[in-house]
Amino acid sequence: MLLRTRRCLPAAISRAAVHPRVSPALLSHGAPRQHGQVALANQGSGLQPRSGPIDWVRGSTMARANPAPLLPASTWGHYRVGMQARWFSSAGLPPHMVIGMPALSPTMNQGNITKWRKQEGDKIEVGDVICEIETDKATLEFETLEEGYLAKILVPEGSKDVQVGQPIYVTVEESDDIEKIPADTSFGGDHKEDESSGSAAQTVEVDAAEQSPVMSRISPAAKMLIKEHGLNASLLKASGPRGTLLKGDVLAALKSGTALSSAKEKTAPAAPLPQPARDSQVHSQTTSPKSDTFEDITNTQIRKVIAKRLLESKQTTPHLYLSKDVILDPLLAFRNELKEQHGVKVSVNDIVIKAVALALRNVPEANAYWDNSKEEAQKCASVDISIAVATEKGLMTPIIRNADQKTISAISSEVKQLAEKARAGKLAPNEFQGGTFSISNLGMYPVDHFCAIINPPQAGILAVGRGNKVVEPVMDNDGTEKAAVVTKMMLTLSADHRIFDGQVGGKFFTELALNFSDIRRLLL
């Protein structure tokens with residue numbers, strides 16, 4: 001299980017000094033280690049590091065300031081990454097390793113444990129999937145780089161907002177050592193929670209967490225309600241884990257009136273007058289219904305990232321909007337021909353992807369992104385189309401790479417596969433990170449027209465509405481004009497005005513309209 005390299009520490013090194021972060025590259029690849037690098041001590045658990053030589057963990061450690069690169073496994077959705085691994089041995093405890101929450105994407109700083117694939121006592125082999133972690137991008141399967149036995153799960157299934165580096169499970173080398181790991185040992189997890197709670201308590205004037213022996217922590221939502229209603233937190237009953245005062249506890253106290261009466265006792269003068277008492281009753285009647293008029297909706301990590309990026313896009317990217325109606329009848333006739341004569345089933349969106357990709361290839365100025373460091377536009381070497389797919393956890397954008405070089409049937413097959421992966425939360429990072437242009441299609445809904453928000457660093461996104469039958473004059477074969485029913489679809493381009501000006505936008509729509517009017521261009 002372990003690659004052991006003995007190094008004696010200087011006698012002057014104390015426990016407080018046994019905290020330097022270890023390079024993931026050095027530990028993972030067996031490079032020579034520098035003098036002074038030691039295993040991380042178990043903060044907050046009361047365990048002492050082994051005296052004398054320190055045994056090095058073969059797996060790598062991950063520090064948030066220096067994350068290890070992603071190492072994709074042979075199959076999609078599985079990732080072997082550097083882990084926050086800490087190796088310990090002390091009196092009364094067998095040698096064990098504490099594994100922290102890994103960073104499974106470059107922007108991940110916290111994640112959710114959606115499912116444990118291994119349970120306490122299970123044998124672990126290299127490459128086994130330990131658990132499923134929901135990141136800010138997708139739900140990924142976390143593989144172990146070590147073998148041994150899962151001794152203790154520190155973060156239960158379903159836990160939300162687990163910080164990167166926070167201990168999530170403990171392993172041992174031998175099965176006989178599992179029972180020797182105490183069930184009540186925190187392994188440093190409570191230490192981080194106490195620090196975060198203490199820093200949050202400084203911003204709100206509530207000191208009940210320090211005064212009350214029963215209530216040790218207060219959730220942020222509960223603190224806001226306490227401050228808003230001027231309550232005495234030390235008199236409220238906490239029902240959360242480890243004595244945490246939750247928002248529901250405050251709302252229950254407000255509804256019953258006990259919190260308001262306790263607040264009145266705290267703030268009332270020595271000789272209260274009748275008038276303040278009546279005011280308190282009116283205040284109770286007005287605030288209690290107000291607290292029941294809303295409901296918190298828990299956001300997934302993906303939705304939190306989407307909300308942040310959409311706001312940044314509108315604030316930092318100058319949006320230019322251009323719209324055009326295109327006649328959809330040639331496309332619909334071509335789609336029916338493929339189905340009836342060749343047995344090929346494709347959707348309207350598949351053909352739209354091909355038409356947009358060819359338009360971008362013919363207008364390379366539109367297939368670009370803005371380089372902030374150089375303050376100039378950079379043309380992209382390939383045409384990679386991001387497709388908006390709605391999932392239960394939020395909007396995902398899988399990518400059809402080199403879409404201009406693929407056939408419509410190949411695009412259709414790839415879209416189906418990527419959409420299925422996206423809805424199952426199984427997209428690999430390379431399947432949704434990148435892209436040079438996006439398409440958002442709401443044509444399957446009763447939406448005629450809408451404006452989409454650019455997905456940075458891309459420079460454009462095309463919003464596709466539904467097709468509608470309209471009557472308009474058309475030119476007959478003999479050159480005469482007559483009224484006819486045609487199917488029209490509105491396309492709206494949201495573009496980065498630093499890259500798209502009126503000329504580039506006009507050229508793009510000209511090419512795109514030609515692709516819709518002459519479908520044979522898509523076969524070239």
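The values are calculated or read from the model by the stated rules, or taken from the named source; none is laboratory data. Predicted model, so just to flag it, every value in this text is computed and none were measured. For neighbour counting, all protein chains shown are included, and Cβ atoms are generated from backbone atoms with ideal geometry for every residue, glycine included. Just so you know, the surface numbers come from the protein's heavy atoms only, side chains and all, with ligands and any DNA or RNA stripped out. Shrake-Rupley method; radii C 1.70, N 1.55, O 1.52, S 1.80 Å.
Of the strands (runs of 3 or more DSSP E) that lie entirely inside segment 339-398, those containing 1 or more residues that are surrounded by fewer than 22 Cβ atoms within 10 Å (Cβ to Cβ) span 368-371, 376-379, 389-391, 394-396.
For the list (1) in a strand (DSSP E or B); (2) in contact with a Ser or Thr (Cβ under 6 Å, 6 or more places away or on another chain); (3) of a type outside the set (Phe, Trp, Tyr); (4) surrounded by fewer than 21 Cβ atoms within 10 Å (Cβ to Cβ), I need the number of the one condition that ARG466 fails. Unmet condition: (2).
Contact map, segment 215-241: residues that are free of Cβ contacts under 8 Å to residues at least 40 places away in the same chain and within 17 Å of GLU295 (Cβ to Cβ) paired with residues that are open to solvent by 40 Å² or more (accessible area, probe 1.4 Å) and assigned to a loop (DSSP other than H, G, I, E, B), Cβ distance under 6 Å, separation 6+ or inter-chain. Pairs shown: SER219/LEU246; ALA222/LEU246. Quick check: is even one residue across segment 253-274 of a type outside the set (Lys, Arg), at pLDDT 80 or above, surrounded by 12 or more Cβ atoms within 10 Å (Cβ to Cβ) and not in a strand (DSSP E or B)? Checked segment 253-274: at least one residue is of a type outside the set (Lys, Arg), at pLDDT 80 or above, surrounded by 12 or more Cβ atoms within 10 Å (Cβ to Cβ) and not in a strand (DSSP E or B).
How many residues does segment 388-419 hold that are closer than 17 Å to ALA459 by Cβ and touching a helix residue (DSSP H, G or I) at 6+ places or on another chain (Cβ under 7 Å)?
Residues meeting the conditions: 3.
Can you tell me which of ALA495, ALA459 is touching a Phe, Trp or Tyr at 6+ places or on another chain (Cβ under 6 Å) and within 23 Å of GLY435 (Cβ to Cβ)? Exactly one of ALA495, ALA459 is touching a Phe, Trp or Tyr at 6+ places or on another chain (Cβ under 6 Å) and within 23 Å of GLY435 (Cβ to Cβ), namely ALA459. Cβ-Cβ contacts under 6 Å between residues 6 or more apart (or on different chains), taken from a first residue in segment 499-514 that is closer than 10 Å to LYS324 by Cβ to a second residue that is open to solvent by 20 Å² or more (accessible area, probe 1.4 Å), are listed as GLY505/LEU322; PHE509/LYS324. Which residues, counting only those in segment 470-524, are of a type in the set (Gly, Ala, Ser) and either open to solvent by 30 Å² or more (accessible area, probe 1.4 Å) or touching a helix residue (DSSP H, G or I) at 6+ places or on another chain (Cβ under 7 Å) (or both)? GLY479, ALA483, ALA495, GLY502, GLY506, SER517 - these are the residues of segment 470-524 that are of a type in the set (Gly, Ala, Ser) and either open to solvent by 30 Å² or more (accessible area, probe 1.4 Å) or touching a helix residue (DSSP H, G or I) at 6+ places or on another chain (Cβ under 7 Å) (or both). Being touching a helix residue (DSSP H, G or I) at 6+ places or on another chain (Cβ under 7 Å) and among the small types (Gly, Ala, Ser) is true for just one of ALA422, ALA377, ALA357. Which residue is that? Sole residue among the options that is touching a helix residue (DSSP H, G or I) at 6+ places or on another chain (Cβ under 7 Å) and among the small types (Gly, Ala, Ser): ALA357.
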